[in-house]
Amino acid sequence: MASEFKHSQVMALPNHPSLHAHDYRQVVIGLQGQTEFELSGRGSLVGPGQGCLVSESELHAFSGVGHNEILVINLPEPLLLGELSMKQKVDALFAREAYFQLDSQAQTLVKALTAEMVANPNDKLLGRACADTLLCVMERHFRDQLAPRRHGHRLNMDIIDLYIRQHISRKISVAQMAGSVFLAESQFHQLFKTQVGMTPHQYVLMRRFELAQELLRSSELNLTQISDSCGFSSQSGFTSAFSRQFGISPSRFRQQD
């Protein structure tokens, strides 16, 4: 994403879409605002504490959404060949879902190390050390999330709810939700239904309805704006779905409240 190759850098993406590929792996972590990525046909918004893994030669599209800032760690193969342990960590990292969500502890570390890199932009050794530390923490983070039987195979619903809140105005796929907790789509779907008692799609729809009710009660937004804010494809589709769910139209619901 830059003409001059750097091992790691903090940057903002332009608000117009770009498309390219490169012959090295890349880790992207959101710092401020939001960016939009599409990897192998799968799109997702990346906000603070979220990120994506771009494989070598993978065609990917990206753009910023307003004011934004991301951390980019570039991983050329020659850089890893002489360090077997780091190469193994990176290989394990890239064997997982492309999109991810970091926990609060990892996010705090990202902020601290990024601040050091920004304060010392010409210190290549520091930049490399900070990037290597982040890679080790991320690989551990993935491994702990997937450790068999360690947590009784229970999903972290706080992370899933955070992902839904941050993306609720857009389409949310099961694959994206699975990626937020580092699981394969099929495994996530089964665990989710067992733990929550409904499918991921049903759960997301429930959250959309909850937000719609909140906005109908407490905001001055019109129905089209509420429909857009809650991720429905159209105002008419929102009205129809809301009426089926609650037996009353959104307009009548607002009048009663």
task = Just name one of GLN213, CYS230, LEU13: the one whose Cα is farthest towards the positive end of the charge dipole of the chain (beta-carbon charges, Lys/Arg +1, Asp/Glu -1).
result = GLN213
task = With +1 on each Lys and Arg Cβ and -1 on each Asp and Glu Cβ, and nothing else charged, work out how big the dipole of the range 14-88 is about its Cα centre, in Debye to the nearest 20.
result = 120 debye
ask   = Counting only residues 5 or more places away or on other chains, whose amide H sits under 5 Å from the amide H of ARG25 once H atoms are built in the peptide plane?
value = GLU56, LEU75, GLU77
inquiry  = I want the antiparallel fraction of DSSP beta bridges within the chain, as a percent rounded to 5.
reply    = 95 percent
ask   = Got a sec? What order do PHE246, PHE238 fall in by accessible area at 1.4 Å, biggest, i.e. largest, first?
value = PHE246, PHE238
ask   = Roughly how many debye, to the nearest 20, is the charge dipole of the range 135-257 about its Cα centre, given +1 on each Lys and Arg Cβ, -1 on each Asp and Glu Cβ, and no other charges?
value = 280 debye
task = From the P(r) of the range 189-257, can you give the percent of Cα pairs sitting at distances over 15 Å?
result = 52 percent
note = Under the Karplus relation with 6.51, -1.76 and 1.60 and θ = phi - 60°, whole-Hz ³J(HN,Hα) for the range 237-244, x at Gly and Pro, equal x, 4, 4, 5, 5, 5, 5, 5
ask   = How large, in percent, is the carbon and sulfur part of the accessible surface of the chain at a probe radius of 1.4 Å?
value = 50 percent
task = Compare THR239, THR133, THR108 by solvent-accessible area with a 1.4 Å probe and give them largest first, with all protein chains kept in place.
result = THR108, THR133, THR239
task = Excluding residues on the same chain fewer than 8 positions from LYS124, give the lysines whose Cα lies under 21 Å from its Cα.
result = LYS6, LYS87, LYS111
task = First select every other residue whose beta carbon is under 13 angstrom from the beta carbon of ILE73; then total the charges, Lys and Arg +1, Asp and Glu -1.
result = +2
note = Expected vector for the range 167-173, Karplus 3J(HN,Hα) from phi with 6.51, -1.76, 1.60 and θ = phi - 60°, integer Hz, x for Gly and Pro, equals 10, 5, 7, 10, 5, 10, 8
inquiry  = Let's test this: bin the Cα-Cα distances of the chain at 5 Å from zero up to the farthest pair and state each bin's percent.
reply    = 1, 6, 12, 15, 16, 15, 12, 9, 6, 4, 2, 1, 0, 0
inquiry  = Translational diffusion coefficient of the range 1-133 at 20 °C, 1.002 mPa s, Stokes-Einstein with Kirkwood Rh over Cα pairs, in µm²/s as a whole number.
reply    = 142 µm²/s
task = Determine the dipole magnitude for the chain: charges of +1 sit on the beta-carbon of Lys and Arg, -1 on that of Asp and Glu, nothing else is charged, the reference point is the Cα centre, and the result goes in debye to the nearest 20.
result = 820 debye
note = Sequence order, the range 118-130: Karplus ³J(HN,Hα) from phi using 6.51 cos²θ - 1.76 cosθ + 1.60, θ = phi - 60°, Hz rounded, Gly and Pro as x, gives 5, 6, 10, x, 9, 8, 5, 5, 5, x, 5, 5, 5
Accessible area in square angstrom per residue, the chain, 1.4 angstrom probe = 51 Å²
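The values are calculated or read from the model by the stated rules, or taken from the named source; none is laboratory data. Everything numeric in this text was worked out from a predicted model, so none of it was measured. All Cβ positions, even for glycine, are placed from backbone atoms using ideal geometry, and neighbour counts span all protein chains on display. Heads up: the accessible areas ignore ligands, DNA and RNA and are worked out on the full protein's heavy atoms, side chains in. Shrake-Rupley method; radii C 1.70, N 1.55, O 1.52, S 1.80 Å.
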